[in-house]
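One structure below.
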Amino acid sequence: ILWISTSKGIAAYDGKTFKHYSVESGVSDGQYFWINSNDNGKVWVFGLDNQGTRKILYLENDRFHNFIDEYPELSEDNQIIFVFLDKQKQFHIITQNGLYRFDENRLELSPLEDLVPENQIVIPFLEDSQGYLWLATGEFPNINNIYRYRDGKLQPVNLPDSIPTNGFRFALEDSQGNIWISLFGTGVLKITIDYTGKESFQMFTRSNGLPNNMINNILEDREGNIWFGSNGGGLIKYSSDKFVALNLEDGLSSEIVWSIFRDSRGDYWFGTAGGAIIKYDGSQIENVLTEDDSPIGFVRKFLELDNGRLLIASMNGLWEYDGQQFKQVNEKYGLPHTARIADMIRDGNDFLISVLGQGVARFNGRETVFITVEKDDIASNNINHLMKDSEGNIWMASRLLGVSKYQADPLVALEPKEQKEGSRVVKYDSETGLNNNNILQIAEDKSGNLWFASYGGGLNIFDGKKFTYLDTEHGLTSDNIYSVIADDDGNIWAGTQNGVDKITINDQGEIETITNYDKYDGFTGIEANSMANFKDDEGNLWFGTIKGVMRYKPSADQFNPTAPVTNITKMKLFFEDVDWSETSYQKYLSGVRSWHQLPQELVLPYDMNHVSFSFEALSFQVPEKVKYQWKLEGLDRDWCPVTSKTEAVYPNLPAGAYTFQVKASNNDGVWNEVPASFSFNIQPAWWDTWWFRSFLTLFILGLIIVFYKWRVHSIKQKKNELEHMVEQKTKEVVKQKDEILVQSKKLKESYQNLELLSDVGKSITANLTVGKIVDTVYENVNSLMSAEIFWIGIYNEQKNTIEFNGAIEDGEKLPSFSCKLSEDDRLAVWCFKNRQEVFINDYSTQYRKYAGREQDAIAGKPTQSIIYVPLVSQDQAFGVLSVQSYQKNAYDEIHLCLIRNIAVHTEIALENASAYEKISEQSHGLLHQKKQIEAKNTELLELNNEKNHLIGIVAHDLRNPLTSALTIGGILKSDEQLTDEQREYTEHILNAMGRMNEMVGRILDIKAIESNSLELDLQRTNLAEVLNEVHESFKDVLENKGLEFLVNMDHPRPVALVDRNYLTQIYENLISNAIKFSPPKRKIQVGFFKNNGQIITAIKDQGPGLTQEDMQLLFQKYQKLSARPTGGEQSTGLGLSIVKKYVEAMKGSVWCESKPGEGAIFKVQFDLQD
């Protein structure tokens, strides 16, 4: 029975019902804070009523009685302080006037009173496992002495002066032999006595984590957890001091701690992201420098100097603290004033300091040398972590660029970078083994393996030869590892955003387990910070987190061997809670269990087969990490996967006997050996019972017998009917045999007709005239069927008639005839318009399907059997084909099919004939045009030769007198006796004759080109040299017009296989045109460019440009373009045509690129001769 005290009395709970004891039962309202019972089952209660009167009650005959009323010595001039029940179940009552002992029915002073002076009282409060009775003594109310009493001897417990001694309330000896004493209002005292008898004391108060100092009671559970009942602070659990947190509540000025250090005096130092410096001596916290007052900035590392000063690395540089003030010492260590320090370590007497962006500084006390990417080939100048391994090598971790190993002994500057031999830097990144280049910290285990904490890649493990990896797939709680450190046992600790992961490594260096510690295990810091870890001399691990500092004490991390107590708490039907004590369920069970109200001997009907079970496991050390497995015997073969769910659902269970079993494991994976179980049955439905199945079996057997007899009778009857049917069918088979023979004959004929059709098609399509086609079709049709009349009609679009030419009747050709398309009652017209077949075997009765009234024959004699088939090409009807007979029923489907096929061949033949006729006409016309063109071409050649001859005569006849005139004009011009007016006239004459002479020269050039009489002297020629010569000849003209001539030699040696004289004329023509069409004071640019084995000369002017019409006339003779020379120069219209002829004669090409208003670029291209 569970006894519970409340402000309204006492309650007893037997697992099913509560029984209340109140005023009517002798319990007045008040506060009752002690309940116990002795060997004879008597229940004792101690407390205060609402008037403050102390009460001692005992239960007898189901009613509580006031023990004090029965013994006046307890109430008269006396005050009860407390009560105590020893292991012998003797009841002790501590009063102001002394200690009483109640044994059965006698109250007397305890012999323990003789142990203390008369003016003192003695308070027994604990009897331990060694047989010691713990006593508190002193003059009331100052009870400040503690003794251990055994065998008549008192042994004092010497408490330190720092521990208050008043307020002894409750005490407990735990399973480890530790003594816990409640000092009401002060906290809890823990006393540990080792095997030598040495005592150690630990005080728990609000200052070191106890939420409330007002502790009323203390209890230990089966797992060793210590529970404190407080006054106003709730229920408090203490598992161990495995993790201890220091945060704002404990006095830290800031909680985001990034660096931890312990100096030689034993003081701990914490640095925060905001620049706070905090000192902790193991009991007191001192905020040496707050973030609001800090000039230091983000604190990254502490070191202790030989003189006892602290060296502090921060994002605001390097600082020293002498216990009084902080001083920046960047200059002292050879660092820039603005240096941002990420990490630092000592290597002997040297300091290695990581300066972000500048590499690693090595300071030996006199000078500073930087280790950098540029000089030493390390991976990065942004080193965020430095680590020295057991071999003396320095490891430099960077974010994004991997790590560098700086080989040790001696640690001096490297030789220049290009001298690789003997280099001591080895780099590791994602290409050489790492799975992630973002490395935050490095640690070394007891086997010499290096562990790299990476952001995104988990842990990278390096044994000196190769890398292996540990991530979430292998058991880590995160792939983002912020810090890594090894403990004294060689285990690795990885800080993550989910707490810390402990990787346990055995003596062979193998990973045994990975254990996560989070807020449920006491790691209340939640998320570890990067590089924020430290191991002190006692082996404790310290972690900087976003919620303060966490200390891990390995010796307090005890394995939890106690399996949980597992209980099935509830059984539901169809997800609904069930009150199994209700009358409606009594027929399914024999009773209800205590505590969890589960039905006993449950037998459910078939339609109550959707069940679910709720369960719990009592494991108080880390209840959030309790795991479960369950199975339903009778349905499941194996246990379900491990889960944290506390409910199992089984829908639609078949009839049968079942036992639900569930087991649980604690936070260390210890499972309870005997699972909790619950058995029940589900009855089968009435149709699934044995008696129903037996009845159904007999019923089916009877049906089988009846069916058998009926079947035998039915078979006999069927036999007689079959014999009669066989006789009838035999007669029918004989008749069908004759019909089959007839059909076989028809099929044979059809097959022969199909073979014949192939030949028919070839013969029809071989003809290319309509007349021959008609004759051929008739011959073939007449060989296949009765065709007294046969004709083919072709549509005449101009006359809108169907023309029948070459129609045949009884083997004789009929005169041509036609029918108009307006004659809708004609069968031929109906077939043509509708593009459908006409099939008639009795014209007098069947014509109405195709015509409104009966018509006379178009030509020849009247017929009775008629087939018309349309002739179609490209989805258009162009005629009809018809066969007719004087006899009725002359045709069948086979004949119609034959005509269809013949019509297809006829369509093809007629189309071929029409195409042949058109081709013949076109061929005749083309031959006639060819003869005319040849005659014209001969005439033009003669005229061209005559023109060239005439041009040659005229040009030669003009050149001689022009040459003489130019000579005389030159002499005349040089005569000094001429007047200015005469000299001007002479100049005009010479210019006119010069232009005429140029014209004659160009005409002779054209003549030579067109007569193919050019004599080329092709040689490897430097195009730039020729261009320079031409440029020299035009210098005066360029200067007169103010034009700038620029040459761009993109190719240093533009050589091509050309005739130098003709190339000179090409450049002269093109440059002359550029000068003519360029406005004054502009630029003419010439360049040589290589393109796919070709050398291109480009000549660009800044003239008016060319229109699309001009571009089409370029390079033609005697063409005048819309653009005009800008200086009044004359143009013959022959220059560009001569350029084109010369270029093509030398197997080159020339073209122009231009837009109106943007000038023109003429390009000449030849094969490059390298």
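The values are calculated or read from the model by the stated rules, or taken from the named source; none is laboratory data. Note that the structure is predicted; figures quoted are calculated from it, not measured. Positions of Cβ are backbone-derived with ideal geometry, glycine not excepted, and every protein chain shown enters the neighbour counts.
Structure above, values below:
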| read-out | value |
| --- | --- |
| Filter pass, Ile951 being modelled with pLDDT under 70, of a type outside the set (Ser, Thr, Tyr) and crowded, with 16+ Cβ neighbours inside 10 Å | yes |
| Given (1) assigned to a loop (DSSP other than H, G, I, E, B); (2) out of contact with any Phe, Trp or Tyr (no Cβ under 6 Å at 6 or more places or on another chain), index of the condition Ile296 fails | (2) |
| Criterion: at pLDDT 90 or above and surrounded by fewer than 20 Cβ atoms within 10 Å (Cβ to Cβ) - qualifying residue of Gly224, Gly308 | Gly308 |
| Residue identified as of a type in the set (Asp, Glu), touching a strand residue (DSSP E or B) at 6+ places or on another chain (Cβ under 7 Å), modelled with pLDDT of 60 or more and under 30 Å from Gly879 (Cβ atoms) among Glu911, Glu921 | Glu911 |
| Enumeration of residues in the stretch 188-209 that are polar (S, T, N, Q) and free of Cβ contacts under 8 Å to residues at least 24 places away in the same chain | Thr192, Thr196, Ser200, Gln202, Thr205 |
| Single condition Asn805 does not satisfy, out of (1) more than 22 Å from Ala913 (Cβ to Cβ); (2) surrounded by 15 or more Cβ atoms within 10 Å (Cβ to Cβ) | (1) |
| Scope the stretch 1042-1052; condition within 60 Å of the chain's Cα centre (by Cα) and at pLDDT 90 or above; matching residues | Leu1046 |
| Of all residues in the stretch 614-655 being of a type in the set (Asp, Glu) and surrounded by fewer than 18 Cβ atoms within 10 Å (Cβ to Cβ), the one that is nearest to the chain's Cα centre (by Cα) | Glu624 |
| One residue from Thr513, Thr569 being part of a strand (DSSP E or B), free of Cβ contacts under 8 Å to residues at least 60 places away in the same chain and not assigned by TED's automatic domain parsing to the domain that holds Asn672 | Thr513 |
| Residues that are of a type outside the set (A, V, I, L, M, F, W, C) and within 59 Å of the chain's Cα centre (by Cα), drawn from the stretch 1053-1096 | Arg1053, Pro1054, Gln1085, Gly1087, Lys1090, Asn1091, Asn1092, Gly1093, Gln1094 |
| Strands (runs of 3 or more DSSP E) lying entirely in the stretch 1042-1092 (those with 3 or more residues that are touching a strand residue (DSSP E or B) at 6+ places or on another chain (Cβ under 6 Å) and loosely packed, with under 15 Cβ neighbours inside 10 Å) | 1044-1049 |
| So Ser230, is it assigned by TED's automatic domain parsing to the domain that holds Asn145, at pLDDT below 90, closer than 23 Å to Leu246 by Cβ and more than 58 Å from the chain's Cα centre (by Cα) | no |
| Pairs, first on the phi > 0 side of the Ramachandran plot in the stretch 114-139, second not in a loop (DSSP other than H, G, I, E, B), C-beta under 7 Å, six or more apart | Gly131/Arg150; Gly138/Asn144; Gly138/Asn145 |
| Qualifying position, being modelled with pLDDT of 95 or more and not small (Gly, Ala, Ser), among Ile503, Ile511 | Ile503 |
| Qualifying positions in the stretch 276-289 - in a loop (DSSP other than H, G, I, E, B) and either modelled with pLDDT of 95 or more or outside the structural domain of Asn540 (by TED's automatic domain parsing) (or both) | Ala276 |
| Filter result for Ile511 (crowded, with 17+ Cβ neighbours inside 10 Å and of a type in the set (A, V, I, L, M)) | no |
| Those residues of the stretch 227-266 which are surrounded by 15 or more Cβ atoms within 10 Å (Cβ to Cβ) and part of a loop (DSSP other than H, G, I, E, B), in sequence order | Gly233, Ser239, Ser240, Asp241, Lys242, Asn247, Leu252, Ser253, Ser254, Glu255, Ile256, Asp263 |
| Residue among Val500, Val578 that is over 26 Å from Gln629 (Cα atoms), among the hydrophobic types (A, V, I, L, M, F, W, C) and not assigned by TED's automatic domain parsing to the domain that holds Val299 | Val500 |
| Any hit, the stretch 446-463, residues being more than 33 Å from the chain's Cα centre (by Cα) and buried (at least 17 other Cβ atoms within 10 Å of the Cβ) | yes |
| Per-region count, the stretch 316-332, residues surrounded by 18 or more Cβ atoms within 10 Å (Cβ to Cβ) and of a type in the set (A, V, I, L, M) | 1 |
| Leading residue by the ranking (surrounded by the fewest Cβ atoms within 10 Å (Cβ to Cβ)) among those in the stretch 526-580 that are among the small types (Gly, Ala, Ser) and over 30 Å from Asn384 (Cβ atoms) | Ser555 |
| Residue list for the stretch 820-843, restricted to those being surrounded by fewer than 18 Cβ atoms within 10 Å (Cβ to Cβ) and either part of a strand (DSSP E or B) or out of contact with any Lys or Arg (no Cβ under 9 Å at 6 or more places or on another chain) (or both) | Lys820, Ser822, Glu823, Lys833, Asn834, Arg835, Gln836 |
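Quick grid of which residues meet (1) in a strand (DSSP E or B); (2) modelled with pLDDT under 90; (3) surrounded by 11 or more Cβ atoms within 10 Å (Cβ to Cβ); (4) out of contact with any Gly (no Cβ under 7 Å at 6 or more places or on another chain):
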| position | (1), (2), (3), (4) |
| --- | --- |
| Leu1014 | no, yes, yes, yes |
| Thr1021 | yes, no, yes, yes |
| Val1026 | no, no, yes, yes |
| Glu1032 | no, yes, no, yes |
| Val1037 | no, yes, yes, yes |
| Asn1040 | no, yes, yes, yes |
